[in-house]
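These notes are about the structure you will find just below.
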Amino acid sequence: MPITSLLIANRGEIAVRIVRAARELGIRTVQAHSDADADMLAVRLADDAVSIGPPHAAKSYLNIDAIVEAARAKGVDAIHPGYGFLAENADFADAIEAAGMIFVGPSGSNIRLLGDKVAARQAADAAGVPTVPGSEGRIDDVAAARAVVDEIGYPVLVKAAAGGGGRGIRVITSAEEFDRLVPQAAAEAQAAFGDGGLYIEKLIARARHVEVQVLGDGTDVVHCYERECSLQRRRQKVWEEAPAAMLDDDIRQSLCAAAVALAKSVGYRGAGTAEFLYDDETRDFYFIEMNTRIQVEHPVTELVTGIDLVREMILIAGGEPLRLAQDDIAVSGHAIECRINAEDPYNDFMPFPGTVAGLTVPGGPGVRFDTMLYPGYAIPPFYDSLLGKLIVWDDSRDAALARLDGALAEFDVEGVTTTAPLHQALVRDDDVRAGAFHTKFLEQWLEREPLGEVKKREVAG
Amino acid sequence: MASKQILSPLPGTFYRRSSPDQPPYKDKGDSVAEGDVIGLVEVMKSFNEVKADTAGTVVEFLVENEDPVMAGQPLVELDG
């Protein structure tokens, strides 16, 4: 049954994005918000709004009962979870269905399966999707460890099976190190955890982060090609592109086919993203995880394919079969997204909530700014620091870089310190321009303090 | 004995303990030395310690655990 009314159980720029997509489909929108978010842009744009609790997210945006109750009170058909908060919470999806409403996303059982690292890895193996090579499970003696390493080759990571939080992990690069360190690792694991069991995994030293967007209707699955998100800081993506410019076309085809095979094998419904590590020296890719929601960086895919992913996921949730066949989906040109965060890039990325005194949004062809900012908006300190996403498209990567450089020069938020200067430095960096990066690139680049070159702008207001 | 207050240096969410299973940094009646941590303020997912800029004995906490706070808002009242 087509959705006629939708509660948006999220905030910030993604809530604005969802309100707009729903409005274009003629769907009545009800924006859920915490008491700290009553004046946010999505509340202003939606047809109706409802408070779901105090500012602290655990009491509002993470409160399943409060959200389901608000949706019921407002009489909506469906709930869109956005990203973060409850977007990948299987219990939330189940609670919405149990209350007779539609969860805009996959089934609770799909979320549960793909959210479990071991189960997801097994599903990938079963679908013929490559995973990071390693021991099948725990290993209890040195001979068994040796057999695994003989098969997968150096370098490897040796972890304590009972460990966690990075404890007891060793990098082993040679047979000599193996002989010295593996018995030591087992003894240490025994001493630290009372369990000498080990786990061995291939170390992918220099990898790119490449991910494939999929859309499924529970039966059929199509892919919308890939994105590259290698520029990360503390495992948070900072800059994303589509397509992954350095990917050979045969690898692109097999990567996208792998994502479709995995999604199809579980009967996936909705928008999802299969994340991979890609080693461009060996040309091997390895499945890491599947995100069962819309992603922050979805606009780069939208700009190169012309597909409105949020619209498609709402239509699918309303019971429509996929409207696109694989042959209908093609990539044109190149898109880049910069995440603009309320953080001070000159001061270890300290968060910087404040009031928007003025806002200058860049324009022109191929420039899009997804944001929740407006002049006079007081950014609450209770949630994450993402203020918006500056996304550019042009017919080639070089042209997109030039367009991004110009757009960043126009961009300004008065009264708030943002990460825009970081992107200004990145867009002019030779390695970034050449696409010569990997997942550790940005952190190493930041250690060289390249931001000294960019003149720090005075914060007004 | 003069009454003094410790103010929140940042806007955000106030926590009285370092993690949910830990005891509070300070309780009513505890003595506080200058530089003691009296709580945390979470601002945009980054946790910042609140250190006492004055010494005394805790009379009362003026905000509850997990309450929203504004920069400059009094968090705790001290005697002494």
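Here, each number is a calculation from the coordinates, and none is a lab measurement. Since we're looking at a predicted model, the values are computed, not measured. Every residue, glycine among them, receives a Cβ derived from its backbone with ideal geometry; neighbour counts consider all protein chains shown.
The label point for B:R17 and the one for A:A330, both projected 7 Å from the Cα toward the Cβ, are 6.1 nm apart. Can you tell me the 0 to 90 degree angle between the C-alpha axis of helix A:64-74 and the longest principal axis of chain A, rounded to 10? Tilt relative to chain A: about 30 degrees.
Divided by 2.2 N^0.38 Å, where N counts the residues, the Cα radius of gyration of the stretch B:3-79 comes to 0.98. Other residues lying with their Cβ under 13 Å from the Cβ of A:L215 contribute a combined charge of -2, Lys and Arg counting +1, Asp and Glu -1. In sequence order, the stretch A:142-159 has phi-based couplings of 4, 5, 5, 4, 4, 4, 5, 5, 4, 7, 9, x, 7, x, 10, 9, 10, 10 Hz under the Karplus curve 6.51 cos²θ - 1.76 cosθ + 1.60, θ = phi - 60°, and Gly or Pro positions carry x.
A convex hull fitted to the Cα coordinates of the stretch A:55-188 yields 151 cubic angstrom per residue. Approximating the spin labels as points 7 Å out from Cα along Cα→Cβ, the A:T219-to-A:S254 distance works out to 3.2 nm. Extension gain, A:A73-A:K440: 0.36 nm per intervening residue step, less the Cα-Cα distance, totals 127.4 nm. Candidates A:P243, A:L114, B:T13 compared by Cα position along the dipole of the protein assembly as shown: farthest toward the positive end lies B:T13, with charges placed on Cβ. Computed over the protein assembly as shown, the quotient of the alpha carbon radius of gyration and 2.2 N^0.38 Å is 1.04.
When the pairs A:K59/A:K117; A:K117/A:K202; A:K237/A:K389 are compared against a 23 Å limit on Cα-Cα distance, A:K59/A:K117 fall above it. Working note: Cα gyration tensor of the stretch A:207-460, eigenvalues times five, square-rooted, sorted largest first, giving semi-axes of 31, 21, 16 Å.
Around the Cα centre of the stretch A:207-460, unit charges on the Cβ atoms of Lys, Arg, Asp and Glu (plus for the first two, minus for the last two) sum to a dipole of about 560 debye. Applying 1/(1 + (r/R0)^6) with r as the Cβ-Cβ distance of A:D48 and A:E410 and R0 = 45 angstrom yields a FRET efficiency of 0.80.
Applying both filters, DSSP loop and at most 14 other Cβ atoms within 10 Å, to the GluC sites (Glu not before Pro) of chain B gives B:E34, B:E64. Rounded to the nearest 20 debye, the dipole magnitude of the stretch B:3-79 is 140 debye, with +1 charges on Lys and Arg beta carbons, -1 on Asp and Glu beta carbons, and the Cα centre as origin.
Report the calculated FRET efficiency for B:A2 and A:T355 (r = Cβ-Cβ distance, R0 = 41 Å), to the nearest 0.05. The pair B:A2/A:T355 has a calculated efficiency of 0.75.
Remark: C-alpha extents of the stretch A:130-280 on the principal axes read 49, 31, 28 Å, sorted largest to smallest. Based on the Kirkwood approach, the hydrodynamic radius assigned to the stretch A:133-202 is 11.5 Å, with every pair of different Cα atoms included. The Kirkwood hydrodynamic radius of the stretch A:5-104, based on inverse pair distances between different Cα atoms, is 12.9 Å.
Extent along the principal axes, Cα only, for the stretch A:328-461: 42, 37, 25 Å, with the longest axis given first.
Measure nothing fancy, just the Cα-based angle from helix A:397-410's long axis to the longest principal axis of chain A, in degrees from 0 to 90, nearest 10. With both axes taken from Cα atoms, the answer is about 50 degrees. Panel order for A:I288, A:I8, A:I96, by other beta carbons found within 10 Å of each beta carbon, from fewest to most: A:I288, A:I96, A:I8. Any chance you could give the angle, 0 to 90 degrees and rounded to 10, that helix A:117-126 forms with the longest Cα principal axis of chain A? The helix A:117-126 is inclined about 80 degrees to chain A. Think of each Lys and Arg Cβ as +1 and each Asp and Glu Cβ as -1; about the Cα centre, that makes the dipole of the protein assembly as shown roughly 480 debye.
Going by Cα centres, the stretch A:325-402 and the stretch A:202-231 are how many Å apart? Taking the Cα centre of each part, the stretch A:325-402 and the stretch A:202-231 sit 21 Å apart. Farthest toward the positive end of the dipole of chain A, out of A:F411, A:F441, A:A124, is the Cα of A:F411, where the dipole comes from beta carbon charges about the Cα centre.
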